[in-house]
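Engineer: Dumping the structure here so I can ask a few things about it.
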Amino acid sequence: MASGSKVWSLFSLAAALGAAAVAKKTLNTSWKAATGKNPPANPADPDVDLWEAIAWATVSGTAIGIARMLATRKAANYYARSTGHLPPDLQKDDQDADKAPAAQS
């Protein structure tokens, strides 16, 4: 199982990094098209307008996070089809509401 875990770790890392790179390139191009300016290189720089820093942080953080999550899910589906089981860190965790223990008062 340890080798499967290492394979999954590398596979999911590659998928997440690839998705983040593609998302960042797309975001940079979209930002430039929408604003006519390059995105802020460092939103913490006081010379960057506050609204622009907040907008860039919000848009880029959300888009990159979603891209990484979708790529990791796709990688997990591929891994499951290839091995017949989910990756070790994605095993079922009993989140089914019907099977959840009753709330304690």
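Engineer: Which residue pairs have Cβ atoms under 6 Å apart, sit 6 or more places apart or on different chains, and have a first residue in segment 48-60 that is under 21 Å from VAL22 (Cβ atoms) and a second that is of a type outside the set (D, E, K, R) and in a helix (DSSP H, G or I)?
Structural biologist: SER60/LEU27
Engineer: Against the conditions (1) modelled with pLDDT under 95; (2) in a helix (DSSP H, G or I); (3) not charged (D, E, K, R), where does ALA33 fall short? Just the number, please.
Structural biologist: Result: ALA33 fails condition (1) only.
The values are calculated or read from the model by the stated rules, or taken from the named source; none is laboratory data. Just so it is clear, the structure is predicted and the values come from calculations on it, not from any experiment. Quick reminder, even Gly has a Cβ in these numbers, built from the backbone with ideal geometry, and neighbours come from all protein chains shown.
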